[in-house]
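Read-outs throughout are calculated quantities, based only on the coordinates presented, and are distinct from any laboratory measurement. Remember, predicted model here, so these are calculated numbers, not experimental data. Cβ coordinates were reconstructed from backbone atoms using ideal geometry, including for glycine residues, and neighbour counts include every protein chain displayed.
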Amino acid sequence: MSKVKVLLTRRWPAAVEATLMQRYEVTLNSDDHPFSADEIRTALQYYDAVCPTVCDALPADVLQVSNKRCKILGNFGVGYNHIDIATAKAEGIVVTNTPGVLTQSTADIAMTLLLMSARRGAEGDRMIRANQWTGWCPTHMLSTDVTGATLGLIGFGRIAQAMAHKAHFGFGMRILYLKPTPADPATVAQLQATRCDSIAELLENSDFVSLHCPGGAETKHLINAENLALMKPTAHLINTARGDVVDSQALITALHNRQSAGAGLDVYEGEPNIHPGFLTLDNVALLPHLGSATLNTRIAMGEKVLANLEAFFSGKEVIDRVA
Ligand code: DGY
């Protein structure tokens with residue numbers, strides 16, 4: 001019997017590519033370039049399984065390509081707002097993701113950005129590299145305390161809860177959260193977390209606001225000029241969720257006018273293209289979507305995709321079905 005044909009749209013850590021190649025007829029993207037819409041369409045026609053990532057757009061007009069062979073999209077990542085899930089379902093394509101294995105590494109990056117933004121880490125690094133540091137003095141680069149401050153989390157899933165744990169137990173932070181339904185009482189009690197009734201309540205009372213909601217139409221520009229104006233002028237915004245949750249232009253204006261003290265961003269609207277307005281601001285720390293970028297996490301993500309493909313091609317229910 002011919003082997004199942006699998007395509008990885010981007011390179012994965014070698015160890016997990018090797019395991020995959022033992023089991024399937026795998027095609028790799030040898031120069032690791034981002035696929036065009038036409039390349040993804042062609043992939044859907046030639047492979048039984050296509051394994052995309054966050055940087056591959058799969059809207060309806062791609063998923064509806066004729067003569068499809070693809071039966072499963074094994075997404076390498078937990079977020080799937082780049083895939084039109086309703087169309088995938090309608091086209092009979094199973095979609096899986098990789099929840100759980102990137103929780104700690106992504107929460108670590110959110111905490112890194114919070115610290116960088118509060119303590120002006122990126123700005124200090126730039127000053128030294130530009131040979132502009134003239135020495136210690138009592139008023140140099142004064143910043144904001146993290147320990148004991150209030151952290152407001154928008155979304156309270158795995159990654160938000162992991163960040164809350166680090167912030168509360170590591171930095172003595174008070175935790176506020178916004179979630180449509182109350183969180184597990186044991187988690188809330190452990191973190192001494194308080195659920196806010198509205199986004200306004202959370203924004204008005206937080207020293208740091210960290211975004212952990214999914215991307216997509218429902219959360220697009222949730223953080224807009226109006227909501228930014230509700231934040232304390234001393235507060236910092238952290239985004240490791242999805243770029244389009246924040247209206248970039250509104251955030252740039254708020255940072256420029258010091259209506260927002262600072263921001264730490266790992267994700268961007270239209271990434272990898274960054275709004276040029278961010279690049280000239282000192283009070284924003286910018287990372288290139290590093291949330292899950294540890295070797296162990298990326299191997300674990302690949303193994304999750306593999307486990308889902310194994311289940312699917314042996315006729316079992318997939319583990320992490322999103323469609
Ligand atoms: C995900 O898994 O959705 C992340 O954004 C990739 O780091």
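If a/c stays under 1.5 just call it rounded; otherwise compare a/b with b/c (prolate if a/b is bigger, oblate if not). Do that for segment 237-301, with a ≥ b ≥ c from the square roots of the Cα gyration tensor eigenvalues. Provide the component values of the computation, followed by the final result.
Details: a/c = 2.52, a/b = 2.19, b/c = 1.15.
Here segment 237-301 falls in the prolate category.
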**Prompt:** Given 164, 181, 134, which one lies farthest toward the positive end of the charge dipole of segment 113-240, if we put +1 on the Cβ of every Lys and Arg and -1 on the Cβ of every Asp and Glu?
**Reply:** 134
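Work out the FRET efficiency for residue 181 and residue 127 from their Cβ-Cβ distance, taking R0 = 41 Å, and round it to the nearest 0.05. If you can, show how the numbers build up before the last one.
On the way: r = 45 Å, r/R0 = 1.11.
For residue 181 and residue 127, the calculated efficiency is 0.35.
Using a Förster distance of 35 angstrom, determine the FRET efficiency expected from the C-beta separation of residue 147 and residue 66, and round it to 0.05. Walk me through the intermediate numbers first.
Working: r = 59 Å, r/R0 = 1.68.
The formula returns an efficiency of 0.05 here.
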**Complete:** Interchain or sequence-distant (5+) residues whose placed amide H lies within less than 5 Å of the amide H of residue 27 are 6, 7, 8
**Prompt:** With the Cα gyration tensor of segment 201-323 giving a ≥ b ≥ c as the square roots of its eigenvalues, does the rule (a/c under 1.5 for rounded; else a/b larger than b/c for prolate; else oblate) give rounded, prolate or oblate?
**Reply:** prolate
**Asked** Considering the dipole of the chain built from charges on the beta carbon (Lys and Arg +1, Asp and Glu -1) around the Cα centre, which of 148, 285, 230 is farthest to its positive end?
**Response** 148
**Asked** Helix-derived [θ] at 222 nm for the chain: sum -39500 (n - 2.57) over DSSP H runs of at least 4, divide by residue count, nearest 500?
**Response** -10000 deg cm²/dmol
**Asked** Thinking of the chain as a set of Cα atoms, what percent of all their pairs are more than 31 Å apart?
**Response** 37 percent
**Fill in**
Env charge @ residue 269, Cβ radius under 12 Å, K,R +1 / D,E -1, value -1
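Could you calculate the FRET efficiency of residue 140 with residue 271 from 1/(1 + (r/R0)^6), where r is the beta carbon distance between them and R0 is 30 Å, rounded to 0.05? Could you put the intermediate results ahead of the total?
Numbers: r = 33 Å, r/R0 = 1.11.
Given R0 = 30 Å and the Cβ-Cβ separation, E is 0.35.
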**Prompt:** Who wins for biggest fluctuation among 193, 261, 60 in a Gaussian network model of the chain, springs between alpha carbons below 10 Å?
**Reply:** 60
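Let's see if you can work this out: charge +1 on each Lys and Arg Cβ, -1 on each Asp and Glu Cβ, no other charges. What is the dipole magnitude of segment 14-67 about its Cα centre, in debye to the nearest 20? Write out the running numbers ahead of the final one.
Working: 2 positive and 9 negative charges, 34 e Å.
It comes to approximately 160 debye.
Answer rounded, prolate or oblate for segment 1-113, using the Cα gyration tensor with square roots of eigenvalues a ≥ b ≥ c: rounded when a/c is under 1.5, else prolate when a/b is larger than b/c, else oblate.
Values: a/c = 1.82, a/b = 1.28, b/c = 1.43.
Verdict is oblate for segment 1-113.
Once the piece of chain linking residue 257 and residue 194 is laid out straight, how much longer is it, given 0.36 nm per residue of separation minus the C-alpha distance between them?
Details: separation 63, 0.36 × 63 = 22.68 nm, distance 3.07 nm.
Result for the pair: 19.6 nm of gain on full extension.
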**Prompt:** Among 88, 35, 59, whose Cα lies farthest out toward the positive end of the dipole of segment 13-95, if unit charges sit on the beta carbon of Lys, Arg (+1) and Asp, Glu (-1)?
**Reply:** 88
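From the cross-link list 68/220; 89/220; 3/89; 68/316; 179/220; 3/316, which pairs have alpha carbons spaced over 20 Å apart? Walk me through the numbers on the way to the answer.
Details: 68/220 31 Å; 89/220 23 Å; 3/89 25 Å; 68/316 22 Å; 179/220 17 Å; 3/316 18 Å.
Correct reply: 68/220; 89/220; 3/89; 68/316.
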**Message:** Placing unit charges on C-beta atoms (Lys and Arg positive, Asp and Glu negative, everything else neutral), compute the dipole magnitude of the chain about its Cα centre in debye, rounded to 20.
**Reply:** 540 debye
**Request:** Between beta-carbons, use under 14 Å as the cut-off and find the net charge around residue 91, counting Lys and Arg +1, Asp and Glu -1.
**Result:** +3
**Item:** Compactness of segment 92-249, expressed as Rg and Dmax over alpha-carbon positions, Å
**Value:** 17.0, 65
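Mind checking Rg over Rh on segment 54-146, alpha carbons, Kirkwood formula for Rh?
On the way: Rg = 22.4 Å, Rh = 17.3 Å.
Rg/Rh for segment 54-146 comes to 1.29.
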**Asked** So what's the angle, to the nearest 10 degrees on a 0 to 90 scale, between helix 295-313 and the longest Cα principal axis of the chain?
**Response** 30 degrees
